[in-house]
Amino acid sequence: MAGITPINYPLPLASESPPRRREFLSDGINLRSGELHHNALTKIIQDIDVPPQRHQLYPYPHVEHERAAKALGITSSSIYFTPGSDIAISLILRLIACTTKRLIIPIPNYFGWIDHANLNNINILPIYFNDQCPENFCIKTLLETIQTTPPSIVAISNPNSPTGIEFDSNTLLKISNLCMENGHLLVIDECFIAFSNINHLALLGQPEHIIYIRSFSKGYGLAGARIAATIASPKIIDVLSQERTESAIAGSTWTILHGILAKEEHIKKICQSIIQARKYVIKIIMALRPNWQILPSGANFINIKTNGDNPIELVKTAALGGFYIRDMSSQERMNGYIRIGVGELELMVKFLKQIFPVEYDYSELNYSEQ
């Protein structure tokens, strides 16, 4: 506009990283983003009373913190809450990785790690999955890099996102021990752990060199509430809490979290039903399309290489039935794959009927055999 004085302040240059805008979906079912679709979960959330004061008045973060830590069985000095796991990743890379400026990370991985590393000028040491067979992640290269690199942040997602592949117990123990011996901090992103067979805390404990990031978006179904927890030594928590991000968590979000944690056993049953639905979907797809390749998954989604079928056309077919799945071809090492989120059985039956309208016929007997 005319007459406006130009800015003379020396602004930093904006990053040229690719935009990460989530495509808006006005209707239909989002099976692209790992949201937890289950009617029993929806009912639990509907039954949580959120008084108007939780929107109107400031929460007391230290009170909310103590209550949530107790419900999770974590010492309050060893846990810190943030408005989503992206904020936790940002804090770790900005406040802790700043001393070494190095990040060792398997690729592909959640893009938040790469984006925040670039924003903070962290040197990324990528450990790539095999081009031809993504499930053959090069563990040998990772372990060698841990042993030959000066102290760094070693970040793994387990199960991995976006592949869904899991590190087994022996591998996790090796990674942890080598990180400890070589002065690294090991960060384990547990975003999809609720659909896995691994319990990191039971296996690895809470040694001072491990940081856990636990999102409540996937396994607890609170993607819209925007809350996550970081579990680490009190010394690390003291560093992260300097930013006071717990104060940015809404009172209504704390109320929903407390309500969900009070239903922990119900949530576990819901997640187990998702695991069973995942097994069923894999069984049906492999029976109807034996030439397709499905990556092993410990998450509430599966990745499929649709050999002989165009992934873009499959995405369009699903969308015609109101199901939104993802063509993964733009992600490193994922060319030719589609990603399908897994919800409760009833939902997945409708999805399979949309993708395979002629061949697929749901059978209660077939499902009960899983």
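Solvent-accessible area per residue for the range 272-370 at a 1.4 Å probe radius, Å²? Let's see the in-between values first.
Details: 4480 Å² over 99 residues.
Each residue of the range 272-370 exposes 45 Å² on average to a 1.4 Å probe.
Using θ = phi - 60° and the Karplus relation 6.51 cos²θ - 1.76 cosθ + 1.60, list the HN-Hα couplings for the range 22-33 in order, rounded to whole Hz, with x at every Gly or Pro.
Coupling constants for the range 22-33: 6, 5, 6, 10, 7, 7, x, 10, 7, 9, 9, 10 Hz.
In the chain, if the dipole is taken from +1 on Lys/Arg beta carbons and -1 on Asp/Glu beta carbons about the Cα centre, which of V187, I274, C138 is farthest to the positive end?
V187
Distance from the Cα centre of the range 174-190 to that of the range 197-221, in angstrom?
Taking the Cα centre of each part, the range 174-190 and the range 197-221 sit 13 Å apart.
Starting from the Cα of D27, move 7 Å in the Cα-to-Cβ direction to define the label point; list residues of the range 316-331 whose amide nitrogen is under 15 Å from there.
319-324
Ratio of alpha-carbon Rg to the 2.2 N^0.38 Å globular estimate for the chain, to two decimals, please.
Values: Rg = 21.6 Å, N = 370, 2.2 N^0.38 = 20.8 Å.
Output field value: 1.04.
Looking at I92, N158, L41, which one has the Cα that reaches farthest to the positive end of the dipole of the range 30-167 (charges on Cβ: Lys, Arg +1; Asp, Glu -1)?
Of the options given, the answer is I92.
By how many nm would the segment from T148 to V50 lengthen if fully extended, with 0.36 nm per residue of separation less the alpha-carbon distance?
My answer for the length gained is 30.1 nm.
Please arrange T317, T306 by accessible surface area, largest first, computed with a 1.4 Å probe and ligands excluded. Kindly include the intermediate steps, with their values, before the conclusion.
Details: T317 50, T306 5 Å².
Descending order: T317, T306.
Tell me the carbon and sulfur percent of the accessible area for the range 175-236, rounded to whole percent, probe radius 1.4 Å. Walk me through the intermediate numbers first.
Working: 1020 of 2040 Å².
Carbon-and-sulfur percentage of accessible area, whole number: 50.
Report, to two decimal places, the Cα Rg of the range 166-263 normalised by 2.2 N^0.38 Å (N = number of residues). Mind showing how you got there, number by number?
Values: Rg = 14.9 Å, N = 98, 2.2 N^0.38 = 12.6 Å.
Ratio of Rg to 2.2 N^0.38 Å for the range 166-263: 1.19.
Could you bin all the Cα-Cα distances of the range 209-355 into 10 Å bins starting at 0 and give me the percent of pairs in each, rounded to whole numbers?
The calculated distribution, bin by bin, is 10, 30, 28, 21, 10, 1.
In the chain, with Lys and Arg counted as +1 and Asp and Glu as -1 at Cβ, which of these residues, G251, A318, N30, has the Cα nearest the positive end of the dipole, that is, farthest along it?
Final value for the positive-end residue is G251.
Which peptide among 165-175, 217-227 comes first, and what is the full order, when sorted by highest mean count of other Cβ atoms within 10 Å? Intermediate results must be reported in sequence, preceding the final value.
Values: 165-175: 17.5, 217-227: 21.3.
Put in order of decreasing packing, that is 217-227, 165-175.
Along Cα→Cβ, 7 Å out, is where each label goes; now give me the distance between the ones at W292 and Y58 in nm to one decimal.
5.2 nm
To two decimal places, what compactness ratio does the range 1-94 give when its Cα radius of gyration is scaled by 2.2 N^0.38 Å?
Against the compact-globule rule of thumb, the ratio is 1.68.
Might you report the magnitude of the Cβ-based charge dipole of the chain about its Cα centre, with Lys and Arg at +1 and Asp and Glu at -1, to the nearest 20 debye?
Numbers: 32 positive and 34 negative charges, 44 e Å.
The calculated dipole for the chain is roughly 220 debye.
Hey, can you list the DSSP H helices of the chain whose Cα span along the axis is 30 Å or longer and whose average Kyte-Doolittle score is at least -1.0? Let's see the in-between values first.
Numbers: long enough: 264-288 (36 Å, 0.32).
In the chain, the long hydrophobic H runs are 264-288.
The values are calculated or read from the model by the stated rules, or taken from the named source; none is laboratory data. Just so we're clear, the structure is a prediction, and the values are computed from it rather than from any experiment. Methodologically, a virtual Cβ is constructed for each residue, glycine included, from the backbone with ideal geometry; neighbour enumeration extends over all protein chains shown. The protein model used for the area step is the full one, side chains on, heavy atoms only, and it has no ligands, DNA or RNA in it. Shrake-Rupley method; radii C 1.70, N 1.55, O 1.52, S 1.80 Å.
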